[in-house]
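Below you'll find the structure, written out as structure tokens, and then a few comments.
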Amino acid sequence: MTMISPLSDSISPLARPATVGNKVFEAMRQAIIQLQLRPGDPLSEAEMARQFGVSRQPVREAFIKLAEVGLVEIRPQRGTSVVMISRREVENARFIREAIEVAVARRAAEVADSSHHGMLDGLIERQRLANRAGDLAEFLRLDEAFHQAIAQAADCERAWRLLENLKAQMDRVRYLSLADATPLETLIEQHAVIADSIRRHDANAAEAGIRQHLSEILTSLPKVAAAHSDWFTA
């Protein structure tokens, strides 16, 4: 069984309450997204409980939540495993995510204030530092934080919570493609364009920036699926 990161006390301000079960869920979700737990891997309640140093009950709760967001499959009498990556689900998630985030970005451009602008700029600078350090996991975390910050600027935190679960399949492809698809410098500059549009209260430009940014996965998806065909389904 692959060793995964221990439970963390740091939880996003928009995340679920910090119960043991939710901490296990978040840790396993990240392990699946970052391919520490790979598509098709079997999952054992007992082994996960041992790794996290918890009882089997919070692990069982985490398995159920992971199944609800489409990351694991629970088969009675046959066991639990990480689901394969579905190209169709990835494409559907991207379509829905774009529809929601376009609306969020437009609203952010209309209502964001200087504190939100500073937050976005700070996240972009930290992304540049992560890129220079070659820390892909940290870059992905900061990428998430950037999109979440736009939702905060628009006072649409609920929209982000909906997207967090919706885009779980999409996130695995994004993680696989970070190293050899769209250069990180390009993604960072796209973030900078979006942030500048929000600062200038240009809703049309913010919408166009989000659309371009979220379309990058359509270019990388066929390449990633071909390179890791044993992890993908149609």
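The values are calculated or read from the model by the stated rules, or taken from the named source; none is laboratory data. The shown structure was predicted, so the numbers you read here are calculated from the model rather than taken from an experiment. With ideal geometry, Cβ positions are generated from the backbone for all residues, glycine too; neighbour counts draw on all protein chains shown. Each accessible area value is taken on the protein alone, full model and side chains, heavy atoms only, with ligands, DNA and RNA left out. Shrake-Rupley method; radii C 1.70, N 1.55, O 1.52, S 1.80 Å.
Observations on the model:
- Helical mean residue ellipticity (222 nm; -39500 (n - 2.57) per DSSP H run of 4+; nearest 500) of the chain: -22000 deg cm²/dmol
- Amide H contacts of Asp41 (H built 1.01 Å from N, under 5 Å, at least 5 apart or other chain): Val82
- Packing-based order for 188-201, 22-35, 213-226, using average beta carbon neighbours within 10 Å, highest first: 22-35, 188-201, 213-226
- Inter-label distance for Ala227 and Arg200, nm, one decimal - labels placed 7 Å from Cα along Cα-to-Cβ: 3.4
- Highest-fluctuation residue, Ala137, Ala153, Ala206 considered, GNM on the chain with Cα pairs under 10 Å: Ala137
- Estimated FRET transfer efficiency (Arg50, Arg161; beta-carbon r; R0 35 Å; 0.05): 0.70
- Rounded accessible area per residue of region 74-193, 1.4 Å, Å²: 46
- Mean-position separation - Cα centroids, region 41-91 and region 134-151, in angstrom: 24
- On the beta carbon distance between Ala133 and Arg75, with R0 = 30 Å, the FRET formula returns roughly 0.15.
- In this structure, the amide hydrogen of Thr233, modeled 1.01 Å from its nitrogen in the peptide plane, lies closer than 5 angstrom to those of Ile85, Ser86, Arg87, counting only residues at least 5 positions away or on a different chain.
- Whole-Hz Karplus values for region 77-86 come out as 6, 10, x, 10, 8, 6, 6, 5, 8, 8 Hz, taken residue by residue from phi with 6.51 cos²θ - 1.76 cosθ + 1.60 and θ = phi - 60°; glycine and proline positions read x.
- Percent RCO, i.e. relative contact order, over the chain, from Cα pairs under 8 Å lying at least 6 residues apart: 24
- Share of carbon and sulfur in the accessible heavy-atom surface of the chain [1.4 Å probe, %]: 51
- Once the Cα-Cα distance is subtracted from the 0.36 nm per residue extended length, the Ser114 to Glu185 segment shows a gain of 23.1 nm.
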